[in-house]
Each structure stands twice: as C-alpha cells, then as structure tokens.
Amino acid sequence: MRTLIRGGRLLDPAMKTDTEADLLIEDGVIIDSGPEFDAAGTEIIDASGCWVAPGFVDMHTHLREPGQEYKEDIRSGGRAAAAGGFTSVACMANTTPVNDDPSVTKFIIDQARKHSPVRVYPVAAATIGLAGEVMTEMSALREAGAVAFSDDGRGTEDANVMRHLLEYSKMVNAVVMVHAEDECLRAEGVVNEGFVSTQLGLPPNPSAAEDIRVARDISLARMTGARLHIAHVSSKRAVDSIRAAREEGLQVTAEVSPHHLTLTDSETLGFDTSTKMAPPLRGSEDVEACRKGLVEGVIDAIATDHAPHAVYEKDVEFISAPCGILGFETAYPVVMDMVRSGELSPLELMDRMSLGAVRILDVPGGSLETGSVADVVVLDPSRIWKYDPAQGYSKSRNSPWAGREMEGQVAYTLVAGNVVFDRERGVLEQ
C-alpha cells in the first residue's frame, strides 16, 4: 500500500532537515520525500499546516502487564501511546511477576504483537525481583528481546552490585538505566524538601538523594567504562554532574520527563495526588536547570515515565498514594511550551522526542530518510483543546493536566506505514 502525506512541514532530526515537502510511503517504508508527488493510487493524508516527524519514542513507561492489568495493560497503554504520537515505547520491569526472567520478556513481546498498535520494547530487571542484590541473567534476557536493564522504581543501594551490573552490561551491549535516588536519604519523603514541604507538613524528599546517587553512578561508569543512563532527571546538581561527565567523555546519557520540565513543587500545595511522583516535582531552579540541560543536549531524551494507577489507589491521602502520573497523551502539547518560549526549535524538540531514545536503545526510528521505517507522526502545533483523561485511552486517570487547555495536538500516528491513530476517528484497530 502507498500512502502520501501531503503539504506538511517535514522535520527530520537524523538528517537535520526542516522543509516543506510531501512524504511518500510504501509497504511500511519511506520511499521518497519532495514536492508534489503524483497521488494516483495512493492514500492521501492532508498535512497542511502540520508538522510531519518521526514517530515519538518513549524510553521510559509502565504498561503494568503482566499482573497489574487493573491499572493498565499492553493494549490500553499502546492505544494511549498511539494517541500521543508515540510509535515505540520501552516498558519497565516492575510488573507482577517482575520481568527478571526470559519467559516474562517473551510474554510482553508476544502480547504487544497481538494487542498493541505501537512497538513495545521490554526493559528487563537489572536484579532479581528488583531487590538490588542478585544480578539477573543479562545474556538470556537480552536474547529474549530486552533492550536495556533497569530496577526503575528503586535505586541500587549496593555500589558493588551496581559496579557488576555495569561491567556485565558491556558484555551484552546494553545500557543500564538507573533510578537515581538514595533510598536511605529519601526515606519516607513524598514531596521535594523545601518551603513547600514545610507548608504541607509532609515528609520531605531532598534533591540531595538524587544528586549523590547520580554522582556515585557516574563514578562507577568512569571506573567500568560502561554505558550509564540516568532516568527522569529532576535536580539542578544532577544536571550539572551529567554535564561534567559528558564533557569528560564518559558514556552517560539522560532523560527528563515533561512534568519535571514544566511543573514545580508548588503544584502539590492542593494535596492533589496526581502531582505525586518519584522523583518529586522540584523547585523552579531545578526546572530551569532541566530545561537548560535539554536545550544544551546534556539531556538526550524526553521520556514520559507514564505510570498509571487505578482511581481508588490515588483517591487517598497524599502520603499514602502511589507515585506516578499518566504521560502519553499530554507529552507533546506540554513540551511544546519550550518551542513557544524559543528555547527549542521544532526540529530540536523532535530530536528529543524520538532520535535521542533511538540512539540510546538502538531501536528503529528517529528519521524520515528514504529507506527508514515509516513510523511517522503528523502534528497540529496550533490546535487548542482541553485534556480530559476520562476521554483518553488509558485505563487510569491520574494526570496533573486534567481539565487544562492544551496547545498542540497529534493529528495522525503511523506505525510501519499504517495509520494507527487519526484525530477524527481515534485509535484504529489493525
């Protein structure tokens, strides 16, 4: 089948091109781009006034399957991802059972093939049961299809275990993704330590818990020569440490979530449990540092940390609620704030939304070059709409942006040349 995306602004971060052109797709592959192709025998997508870019790639998500399907499953999470412009997502290992065995990895891949409209890449556990004690069988998990290793949701407290994880990851050519919080220092903290935590009277989580763990793991990356990825960076000093590591030439990469780029800890003053996540929302100085790090390329990728929870789990006292928020369907309009402010160009934003993760995980995508897989998103940058999570595709509702007016919306999402989301028709069953 041939598809012609006509009249859009093509943004290709891999080729560093930003131009008005048509995009021609055939049999799941981009076969050409240029002006005014013959439309005979093609399905036409009108992209007038829209951006056409590589499909977004989210390297940090929680799809909850197996075992926690009451929160989300691979089908509902994949549908929400498609509606948000994502064509590939990597899912973390904190499922039930934990993805610490090849059978679980294969199950996730099989379920995704059957039920998800987008590509799903499993991130396997780094240690058995996410306990931070005994390493998983990295080679077997990699062979089963794991693209990376992480105990996300928990920090690896034992530095010697972390050292060995990094050493073994080199042997299987995979990256270790770390949740950088010192659990002893974080303790029972639920909001950023500072004036706001004092106002709320809630246990504080100091940014130093993140800072010292980032510094330790960078030291271990230096020692081992391994690749290290810092997940959901949120503090100024963590950004500074990553910048120094990269200037030194270490193989350190990082991601930041939309909420840590746009929201401060003042959002928690209403005790809204949809503003509770780990690491917590920080102060304005930290937000500005994360934005600067993203602009400079110190931070490689925007990752949602999409973490759905059932309504009843979040409808409790702030201190008792689980951490995490929805991310797929709001990511693009939220981070468009950095384009409107002039901090990022549209092309730079597309780089952080796709190519950054592609390079770290070594998966397809991130380019509109001829011969590339036709994973494409068509974006309407000026569309105004109101977000209602109850009208979304996730099973859950935990979003701090519920009811807010958004600017910028996904018009179409294509995976392997097939339209999987159309703004007018919704997610399309294949």
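The values are calculated or read from the model by the stated rules, or taken from the named source; none is laboratory data. Keep in mind that what you see is a predicted model, and the values were worked out from it rather than measured. No Cβ is skipped: glycine too gets one built from the backbone with ideal geometry, and neighbour counts run over all protein chains shown.
Figures for the structure shown
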| read-out | value |
| --- | --- |
| Some residue of segment 374-389 being farther than 30 Å from GLU313 by Cβ and in a loop (DSSP other than H, G, I, E, B) | yes |
| Lone qualifier among ALA226, ALA238 - being in contact with a strand residue (DSSP E or B) (Cβ under 8 Å, 6 or more places away or on another chain), in a helix (DSSP H, G or I) and assigned by TED's automatic domain parsing to the domain that holds ALA174 | ALA238 |
| Residues of segment 138-181 that turn out to be under 19 Å from HIS232 (Cβ atoms) and more than 22 Å from the chain's Cα centre (by Cα), as a count | 3 |
| Within segment 91-112, considering residues that are acidic (Asp, Glu) and not in a helix (DSSP H, G or I), the one farthest from PHE149 (Cα to Cα) | ASP101 |
| Near pairs, Cβ below 7 angstrom, 6+ apart or cross-chain, from segment 112-133 (over 18 Å from ASP58 (Cβ atoms)) to any residue that is β-branched (Val, Ile, Thr) and assigned to a helix (DSSP H, G or I) | THR127/VAL161; GLY132/VAL161; GLU133/VAL161 |
| Which numbered condition TYR332 fails, given (1) farther than 16 Å from GLY84 by Cβ; (2) hydroxyl-bearing (Ser, Thr, Tyr); (3) out of contact with any Asp or Glu (no Cβ under 9 Å at 6 or more places or on another chain) | (1) |
| Residue in segment 317-350 that is nearest to GLN251 (Cα to Cα), counting only those that are in a helix (DSSP H, G or I), out of contact with any strand residue (DSSP E or B) (no Cβ under 9 Å at 6 or more places or on another chain) and not aliphatic (A, V, I, L, M) | GLU348 |
| Filtered residues of segment 262-292 (kept if of a type outside the set (Ser, Thr, Tyr), surrounded by fewer than 23 Cβ atoms within 10 Å (Cβ to Cβ) and either in a helix (DSSP H, G or I) or not assigned by TED's automatic domain parsing to the domain that holds ALA82 (or both)) | GLU267, LEU269, GLY270, GLU285, VAL287, GLU288, ARG291, LYS292 |
| Number of the condition not met by VAL239 [criteria: (1) touching a Ser or Thr at 6+ places or on another chain (Cβ under 9 Å); (2) surrounded by 23 or more Cβ atoms within 10 Å (Cβ to Cβ); (3) not small (Gly, Ala, Ser)] | (1) |
| Among the residues listed as ASP73, ASP12, the single one being outside the structural domain of THR413 (by TED's automatic domain parsing) and among the acidic types (Asp, Glu) | ASP73 |
| Top-ranked residue in segment 299-312 [being out of contact with any Lys or Arg (no Cβ under 8 Å at 6 or more places or on another chain) and not in a loop (DSSP other than H, G, I, E, B); ranked as surrounded by the fewest Cβ atoms within 10 Å (Cβ to Cβ)] | TYR312 |
| Candidates VAL339, VAL419, filtered to the one that is surrounded by fewer than 22 Cβ atoms within 10 Å (Cβ to Cβ), modelled with pLDDT of 95 or more and touching a helix residue (DSSP H, G or I) at 6+ places or on another chain (Cβ under 6 Å) | VAL339 |
| Residue check, GLY55 in contact with a strand residue (DSSP E or B) (Cβ under 9 Å, 6 or more places away or on another chain) and more than 26 Å from GLU255 (Cα to Cα) | no |
| Filter result (within 17 Å of the chain's Cα centre (by Cα) and within 12 Å of VAL196 (Cα to Cα)) within segment 281-296 | LEU281 |
| Meets criteria (on the phi > 0 side of the Ramachandran plot and modelled with pLDDT of 95 or more) for GLY392 | no |
| Test: residue in segment 35-46 that is at pLDDT below 95, hydroxyl-bearing (Ser, Thr, Tyr) and either farther than 19 Å from SER354 by Cβ or not assigned by TED's automatic domain parsing to the domain that holds LYS314 (or both) | yes |
| Residue among LEU355, LEU347 that alone is aliphatic (A, V, I, L, M), surrounded by fewer than 24 Cβ atoms within 10 Å (Cβ to Cβ), touching a Leu at 6+ places or on another chain (Cβ under 7 Å) and closer than 30 Å to ASN173 by Cα | LEU347 |
| Matching residues, segment 54-85, being within 22 Å of VAL378 (Cβ to Cβ) and of a type in the set (D, E, K, R) | ASP58, ARG79 |
